[in-house]
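Heads up, the thing below is written out as structure tokens.
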Amino acid sequence: MVGRRRKTARLILPAIAILAVLVFTWKTARDILPFPPSLDMRSMDVRKVRIVDRAGVPLSVTYANEWNIHDFVPLHEIPELLLQAFIVSEDQRYFSHGGVDWKARIHALVQNIRAGRAVRGASTVTEQVVRMLHPRPRTLWSRWIEGFEGVRLERLFTKADILEFYLNQVPYGHNRRGVAQAARLYFDRGLHTLDIREMLALAVLVRAPSSLDLHRNPAALEKGIDRLAWRMLVLGVIDETQHRMASSGGLSPARHELPVDAGHFTQHLYRRGFPDHLVQNGTLVTTLDASLQKRVRQILDGRLRDLSSSDVRDGAVLVVDHQAGEVLAWVNGWGLCSGTPGGWIDAVTAPRQPGSTLKPFLYALALDSGWTPATLIDDSPLVESLGQGLHFFRNYSRTCYGPLRLREALGNSLNIPAVRTIQFVGTDRFLSLLHELGFNSLSKSHNHYGQGLALGDGEVSLFELVRAYTALARSGELHPLRMAVYDGEAGVKPVRVFSEEAASTIADILSDPQARRLEFGDGNLLRLPVQTAVKTGTSSGHLDSWVVGFSHRHTVGVWMGNLDRRPTIGVTGASGPALVMRAVFAELNRHRDGEALFMSPRLVQVNICPLSGTPAGSSCPGVREFFKRGEEPVGVCPIHADSNTAGTPPSAQSRRVQLQQPTPGLQLAMDPRIPDDLEAFPFVISVPPEVQKVEWLVNGEVAGVTGVGENRFLWPVSRGSHLAMARVWLQGVDAPLETPRIPFAVR
């Protein structure tokens, strides 16, 4: 019986051993994982794209990806001394073993047994690469599997491939991978600018990036550097001179900073998104020019500091190459750095009141609707009904200049002629045009904005404004603006918004210093060395100040204000942003020959009278003006004509007689603080200068008469419902002209 049991045991034990070996072998084979077909991780999936400028300068930095795909350095570009430091420090027999250094393993095992704890590891560079590719818990079993995988890895790839992967993917602190990212993290320099001690520091840091952190524990790191330098000297890798250099002096860590601040631009791209075909190796190449971005930021910040006493804290500049349709600079001012409320808002895309900067589009629409730059527009006091009240339109200087040519009305940015122009083209048509130009921020109806849209009611962004001005710069065609190289928007067909003639005329007016003399004087702040069309704008209450300019190639827009919507102290487009625009154009034109703005060949010049806008006679102070070919004015100037024709007023002026005040449905209230017999309300009519007499009628009876050139009458106020009208006698016209009856009430 005992013999039978012994015989059975002799049979079972080998079977168990064989089974154990089979299970062990099966589990080993099962846990050995396959390797990727390539060790080049730049083709792997990207969690977050890095953004660079047109020359490859980083505009954003991300360490959210699993692998280092942005700062890959080929093995032949890594400094030889740095490579040797890693070999000595991490795997001295790297080029002789087959993936596992058994001699080092045995030596480490003996040391660990003597110490009674793990004091040394023996992982080769190959096994460390295996650990990166197949991360596992640190156990004896994982070490076993890593040995097999290390051997297999060296059969699949060359030593050079494995070492290149290791040096580009080895983990450091703060989610950095690879020696290039480590050099930026600790020293803010490239690999080839490091000295020998700094290179050795990178080799030592990989052992324990947290405990040996250069910024927090430099003493522990320096001991490791000294030991590594001694080993390299003993092995003959470095000589005595190099050893002295490696062992002397300290380390000077530096925090890494991006070479240029383009945070708002990159965040806009991340929010907007971009198609996959624009991303190469996890990198998006943009149209931004980092050197220009940096210089424009300095210009803007300097100007904002100069204006700090005027309580302006924020600003933005957008620079565009409109010929190429590319954004070159996207700059926000120093509010972000100074802690100003709202500083995190991107002022390039934030909607703000545009002031007078929309007027060029209004006048371009008027030119395409039949007007010419010589069309006379009445710049006289203007009052319009607003609900059941009145709104008094005023020019910025509170001065009215009488009839002015369109060129002067736009050049001087006068408000009253702009309102008369929007009355001519229609608020609905103007708003539709602005939508066509891309002003999506103007999302309400034309009834909401009313005629104030001509003066900047509503809010638009600097990006929308600059993009719209590129249509004027490009002969009336609106092209999309690209922010990335090879952007798909480049294939989008342009939209013709204005005629070539209208766009050229507006550009010529905005670049004409003589056209703006009434309001801006003879100063040359808006006159640039290279012909540049310039338009300023200031919103009500001095909340926003703007300037937009375009040369033959570039369009520049500048906004200043406070992002928390606090008003500035008197800052206007001419006093604030204009100097920034001049400095930016100086940068753009520094290495470029200037060219004139495009002028349509379908425009012809005619000598006209500046007062009447008609062809100049022998007695007229003639000026040259552009007209569409075939639409040149005819006739003789009526102001300076011979006496036999001087008394004949143009019929168009006769039609301009109308009662401006009161307005239909106006509700007036008696002021209890003023005696009733002293209260009066001004009646106002719009008339040409040749008025001879006006009869003012209330409820069909003459309430008063005014004489030559008078267009106002103070009516003694009385309660009740009334009908007002006026009879107007003009020079050389026998019968008076009558205005329509206007109902109003006084309570």
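Quick notes
- By average C-beta atoms within 10 angstrom, highest first, the peptides 146-154, 313-321, 53-61, 238-246: 313-321, 146-154, 53-61, 238-246
- Cα shape, the stretch 318-588, gyration tensor, a/c 1.5 rule: rounded
- Extension gain (nm, one decimal) between Lys223 and Tyr63, 0.36 nm per residue minus Cα-Cα: 54.7 nm
- Peptides ranked, highest mean first, by Cβ atoms within 10 Å: ranges 226-235, 574-583, 66-75: 574-583, 66-75, 226-235
- Against the chain, whose longest principal axis is taken from its Cα atoms, helix 462-473 shows a tilt of about 60°.
- Label-to-label distance for Gln731 and Arg54 is 5.9 nm, based on points extended 7 Å past Cα in the beta-carbon direction.
- Virtual spin-label span in nm between Glu436 and Arg136, 7 Å along Cα→Cβ: 7.0 nm
- Cα long-axis angle, helix 159-169 against the chain (0 to 90 degrees, to the nearest 10): 50 degrees
- On the principal axes of its alpha carbon atoms, the stretch 652-746 extends 45, 22, 19 Å, with the longest extent given first.
- Beta bridges from DSSP with both residues in the stretch 652-746: antiparallel share about 90 percent, rounded to the nearest 5.
- Entry for the chain at q = 0.07, 0.08, 0.10 Å⁻¹: log10 I(q)/I(0) = -0.69, -0.80, -1.04, Debye formula applied to identical alpha-carbon scatterers, no solvent contribution.
- Per residue, the chain reaches -10000 deg cm²/dmol at 222 nm when only DSSP H runs of four or more residues are counted, each adding -39500 (n - 2.57).
- For the stretch 545-614, averaging the sequence separation of C-alpha pairs within contact (under 8 Å, six or more residues apart) and dividing by the residue count gives a relative contact order of 32 percent.
- The stretch 248-310 versus the stretch 416-441: alpha-carbon centroid distance in Å: 36 Å
- In nm, spacing of pseudo-spin labels at Arg272 and Gln92 (7 Å Cα→C-beta vector): 5.7 nm
- Over 31 Å (Cα to Cα) - which of Lys444/Lys493; Lys27/Lys159; Lys159/Lys294; Lys27/Lys48; Lys48/Lys359; Lys223/Lys294 fall in this group: Lys159/Lys294; Lys27/Lys48; Lys48/Lys359; Lys223/Lys294
- The chain - percent relative contact order, Cα under 8 Å, separation 6 or more: 9 percent
- Rounded, prolate or oblate (a/c below 1.5 giving rounded, otherwise prolate when a/b exceeds b/c) for the stretch 189-238 by Cα gyration tensor: oblate
- Relative contact order, percent, the stretch 228-357 [alpha-carbon distance under 8 Å, six or more residues apart]: 19 percent
- Ranked packing of 360-368, 254-262, 612-620, most packed first, by mean Cβ within 10 Å: 360-368, 612-620, 254-262
Values quoted throughout were computed directly from the atomic coordinates according to the rules given, and no laboratory measurement underlies them. Remember, predicted model here, so these are calculated numbers, not experimental data. When we count neighbours, we look across all protein chains shown, and the Cβ atoms used for this are built from the backbone with ideal geometry, even at glycine.
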